[in-house]
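The values are calculated or read from the model by the stated rules, or taken from the named source; none is laboratory data. Everything numeric in this text was worked out from a predicted model, so none of it was measured. Cβ placement follows ideal geometry from the backbone for every residue including glycine, while neighbour counts extend to all protein chains displayed.
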Amino acid sequence: MSVLDARQRLVSSITGEVRPSEPMARHTTYRIGGPAALFIVLETLHDLTTALPILEEEGVPWTVVGKGSDFLVADEGYDGAVLVLGREFKRHVVEDGFLRAGAALVLAHLVQDAFSRGFSGLEWAVGIPGTLGGALAMNAGTREGCIGQVVDTVTMYVPGQGLTLVHGRDVAWDYRRSGLAGRGIILEAALNVSEGEPVRIRAQMERSLKDRKTTQPIGQPSAGSVFVNPPGDSAGRLIEAAGLKGTRMGGARVSPVHANFIVNEGGATARDVVGLIRIVKDAVRDRSGVELQPEIRFLGHFEEA
Ligand SMILES: Cc1cc2nc3c(=O)[nH]c(=O)nc-3n(C[C@H](O)[C@H](O)[C@H](O)COP(=O)(O)OP(=O)(O)OC[C@H]3O[C@@H](n4cnc5c(N)ncnc54)[C@H](O)[C@@H]3O)c2cc1C
C-alpha cells in the first residue's frame, strides 16, 4: 500500500482537503486518538467517486467518520484513510412531504430545523451529538425513540455498486445497530416527520435536554455510553453495583455521574480508556455474570477490549 502515492493522486483530483498524519484527537468527542495516515474531506459526490477507486488501487483501507462521538481511536492512530463528508452532504430541504437531509448534517441542526418547520418525530434526538450519517449507522436513539423509526429512504454509496437507494422498512434497525453500518457510505436520508404542535414539541425537547443534563456528565469529553444495555437491564446499574463509579486509570474515569460513561478528565489515552473497559467488564462478569458489550466503535489497533 502506498499512502504517499494515494495522497499525491488525491490532492490533484479532489476538491476537498487531504491531510497527512492528522491527529484524530481533533476529530473525536473523546479528544483522544493518534494520527490517521490520511484525513480526507469529501466535499462532493465527485470527490467521493474519485477518491474511493484511488484508495482501492493504492491498497489504503478507509473508514467513514462523522463527528467521532462514538469512537475510541488508538493512541498509535489508524494506518488508513479517514473519510469525512463535507459541503454537499449538509443540505436539508423539505421535499414531497419528507425532510431530506445530508449525512454530514449535525443531528442538532436537523432537530432544530425540524422544530422550526413545525415537524414532530425527532424530539428524542435533542442532545445527541454527531451527524445524521453516524446516527443512521448506529441507529442512534433514546428510550423515547430512534432514528430508524422515521426513515423513509436512505441514499448510500456502495463500493462496486454505486449509488443505492435503501428503503427504511428493508433495514434491520436494532438497538444501537443498523443494517446500514459497514455496507457503504451513507449520503442522505428522507425522514418521515409529521406536522406537530410547536408548544408540545418544544416541551418534549426541553424535558429530554433537562434529563440529559441531570443524568450525564455533560461538558466532560466522552463518547457517551460505553456499553450497550444488556437485555432487561442497564449497563450503568451493573457497573455501579460492581462498585466502580469513580474508578480512575490515568486520565480516564468511570463517571461518578453516570457509570456507563468513561470520561476523559484531561490527558487520557486510549490505553487508559481500554484499561478501564477491561476492569469494568471483568468486575461486572464476576459480580453479575453479565458479559457487557461495547457500544463505542474502535479505530486502529487494540488488544481485545
Ligand atoms: C455525550 C454523548 C451523549 C450521547 N448520547 C447518545 C444517545 O443518547 N443515544 C445514542 O444513540 N448515542 C449517543 N451518543 C453516541 C453518538 O453520539 C451517536 O452514536 C451518534 O449518532 C454518532 O454520530 P457521529 O456522527 O459522531 O458518528 P461517528 O462516531 O463518527 O461514527 C459512528 C459510526 O457510524 C459510522 N458512520 C458515520 N458516518 C457515516 C456515514 N456517512 N456512512 C456510513 N457510516 C457512517 C462510522 O463509521 C462509525 O461506525 C452519545 C455520545 C456522546 C459523546
Task: Single residue of the stretch 1-31 satisfying the filter (touching a Phe, Trp or Tyr at 6+ places or on another chain (Cβ under 6 Å) and surrounded by 20 or more Cβ atoms within 10 Å (Cβ to Cβ)) that is nearest to E265 (Cα to Cα) - done: T28
- [ ] Could you list all residues from the stretch 37-83 that are buried (at least 16 other Cβ atoms within 10 Å of the Cβ), in contact (Cβ under 8 Å) with a residue 60 or more places away in the chain and under 15 Å from L10 (Cβ atoms)?
- [x] L48, L52, A81, V82, L83
- [ ] Specify which of the listed residues (R100, R143, R117) is closer than 17 Å to S225 by Cβ and of a type in the set (K, R).
- [x] R143
Open item on the list: Looking only at the stretch 1-58, count every residue that is in a loop (DSSP other than H, G, I, E, B) and polar (S, T, N, Q) and tell me the total.
Closed with: 7
TODO: Tally the residues that are surrounded by 19 or more Cβ atoms within 10 Å (Cβ to Cβ) and either within 12 Å of the ligand (Cβ to nearest atom) or small (G, A, S) (or both), restricting the search to the stretch 126-154.
DONE: 18
TODO: Go through the residues of the stretch 105-118 one by one and say whether even a single one is at pLDDT 95 or above, of a type in the set (S, T, N, Q) and within 12 Å of the ligand (Cβ to nearest atom).
DONE: no
Open item on the list: Considering only residues that are farther than 22 Å from Q204 by Cα, in a helix (DSSP H, G or I) and among the charged types (D, E, K, R), which ones fall in the stretch 85-113?
Closed with: R87, E88
